[in-house]
1. Length gain on complete extension for the stretch Arg171 to Phe57, per 0.36 nm per residue less the alpha carbon to alpha carbon distance?
2. How much accessible area does Leu114 have with a 1.4 Å probe, in Å² rounded to the nearest 10?
3. Any idea how far apart Arg123 and Ser21 come out in nm if each label point goes 7 Å out from Cα toward Cβ?
4. Ignoring ligands, DNA and RNA, how do His120, His168, His19 rank by accessible area with a 1.4 Å probe, largest first?
5. Sort Ser15, Ser21, Ser78 from largest to smallest accessible area, using a 1.4 Å probe on the heavy atoms of the protein chains.
6. Sorted by accessible area (1.4 Å probe), largest first, how do Asp150, Asp124, Asp22 line up?
7. When Lys and Arg each count +1 and Asp and Glu each count -1, what net charge do the other residues less than 11 Å away from Ala63, Cβ to Cβ, add up to?
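The values are calculated or read from the model by the stated rules, or taken from the named source; none is laboratory data. Predicted model only: the values in this text are computed from it and were never measured. When we count neighbours, we look across all protein chains shown, and the Cβ atoms used for this are built from the backbone with ideal geometry, even at glycine. For accessibility, only protein heavy atoms count, side chains too; no ligands or nucleic acids. Shrake-Rupley method; radii C 1.70, N 1.55, O 1.52, S 1.80 Å.
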Amino acid sequence: MDYKLRADYSVFDFSLTDHMSDLVGRLMISPRRTQSYVRLAENLDPEIVELSSISMFDPLPPAWREWCMTGPELRVISPNQEARLREWRGIYLIVDETDGARYVGSAYGAENLLSRWRSHVRRDHGVTVQLQQRNPANFRFSILERVSPDTPIEEITALEQTWMHRLHTKRFGLNT
């Protein structure tokens, strides 16, 4: 931090350091009530009100029914959003926004929705040929149905087939 004295006011040039950076957005201290109060670490003996496990600068994820995310957004999601998608199993829909083509998929396993959606964006092995031929930057992901983490895989794949039938994605979509 550089301090420069000018004729009628003081200017501070702050720069961030890595020291205690893991507390950014998580540490809440008791506020002082004066406008002119300057918080200098060496002079400050604040009461710690809260040390949150989640940063207030990390946006909370939407409810699963409201989740809608593009391929590019999936590449830069927040840690909170990653954690939620990692927890959730379910049936999802991908819409290619260039022509409206739809794909219904299911997610279960170690990282659940997060892993499946990222595999679609990366065009990993195991992704359908129809999806691999398309640009994942045009994909929009949403959750059709969320299931319990202890739901047997057979039930999840049966639900997936039901959604394919209901949305007619085998004949008029990208499911084969």
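1. On the way: separation 114, 0.36 × 114 = 41.04 nm, distance 4.40 nm.
Roughly 36.6 nm would be gained on extension.
2. 0
3. A separation of 3.3 nm, rounded to one decimal place.
4. So the residues, ranked largest to smallest area, are His19, His168, His120.
5. On the way: Ser15 90, Ser21 60, Ser78 15 Å².
Largest accessible area first, the residues go Ser15, Ser21, Ser78.
6. On the way: Asp150 125, Asp124 50, Asp22 100 Å².
So the residues, ranked largest to smallest area, are Asp150, Asp22, Asp124.
7. Values: positive: Arg65, Arg84, Arg146; negative: Glu66.
Value of the local net charge: +2.
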